[in-house]
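Participant: Next up is a structure, given as structure tokens.
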Amino acid sequence: MKYFIAFLARLFMSTIFLVSSINKIFHWQRTEKELIRVLGDWECIVSSVNAHTAIAMMISWAPIFLIIATLLELLGGLLVLLGVRAKLGAFLLILFLIPVTFVFHQFWFLEGTAQEIQISFFLRNLAIVGGLMMIGLYGVEGEKGPSNRFYSD
């Protein structure tokens, strides 16, 4: 039963990343436009000349960032799902998720309902990062989970 539950946990954790990466591949141009739009929003918000320069450079590199993000999501999601080098997979997904969370869910610039929605997305991503950290620490095998270390009384 532990192994089945561990498989379900890996499936549930990896599905969001696998579906998202496949969606990026099939809707590449739309995803690239969205990334450029979000970076453009950041460019309008920041006031520093250095920040404007950095964001303008990031906009020109958007296709490269999108390739890297898609590879991190796809490879990390597959490693976690299959339970093969899952700690590496969790690291790759964290490497993807942290910048994405701060770039796409900038609730601190918003107000009202839009802010509430972005806060929930931001917190959801933090929760996923927490789960990925657990995978990074303990792996994904049923008997090596945190329950044996913390609840063995």
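Participant: Report, in debye and to the nearest 20, how large the dipole of segment 9-72 comes out about its Cα centre when Lys and Arg carry +1 and Asp and Glu carry -1 on their Cβ. Intermediate results must be reported in sequence, preceding the final value.
Facilitator: Working: 5 positive and 4 negative charges, 50 e Å.
Computed about the Cα centre, the dipole is about 240 debye.
Participant: Which residue, Phe96, Trp28, Tyr3, has the largest displacement toward the positive end of the dipole of segment 2-150 when charges sit on each Cβ (Lys, Arg +1; Asp, Glu -1)?
Facilitator: Ranked along the dipole, the leading option is Tyr3.
Participant: Looking at the chain, identify the longest residue range that excludes and avoids all chymotrypsin sites (Phe, Trp or Tyr not before Pro) in DSSP loops having at most 14 other Cβ atoms within 10 Å.
Facilitator: Numbers: sites that count: Trp61, Tyr151.
Between exposed loop sites, the widest span is 62-150.
Participant: Considering the chain as a Gaussian network with a 10 Å cut-off on Cα pairs, which listed residue, Ala127, Ala86, Ala114, attains the greatest mean-square fluctuation?
Facilitator: With Cα springs under 10 Å in the chain, the top fluctuation among Ala127, Ala86, Ala114 is at Ala114.
Participant: How high is the relative contact order of the chain, in percent, counting Cα pairs under 8 Å that sit 6 or more residues apart? Spell out each step's value before the answer.
Facilitator: Numbers: 139 pairs, mean separation 41.2, N = 153.
Reported relative contact order: 27 percent.
Participant: Could I get the Rg over Rh figure for the chain? Both from C-alpha atoms, Rh via Kirkwood, rounded to two places.
Facilitator: On the way: Rg = 17.8 Å, Rh = 17.0 Å.
Rg/Rh: 1.05.
Participant: Please give the charge dipole size of segment 2-150, origin at the Cα centre, charges +1 on K and R Cβ atoms and -1 on D and E Cβ atoms. Round to the nearest 20 debye. Can you show the working numbers first?
Facilitator: On the way: 11 positive and 9 negative charges, 114 e Å.
The dipole magnitude comes to about 540 debye.
The numbers here are math on the coordinates, done by the rules we state, and not lab data. Here the structure is a predicted model, which is why all the values come from computation and not from measurement. All Cβ positions, glycine included, derive from the backbone under ideal geometry; neighbour counts span all protein chains shown.
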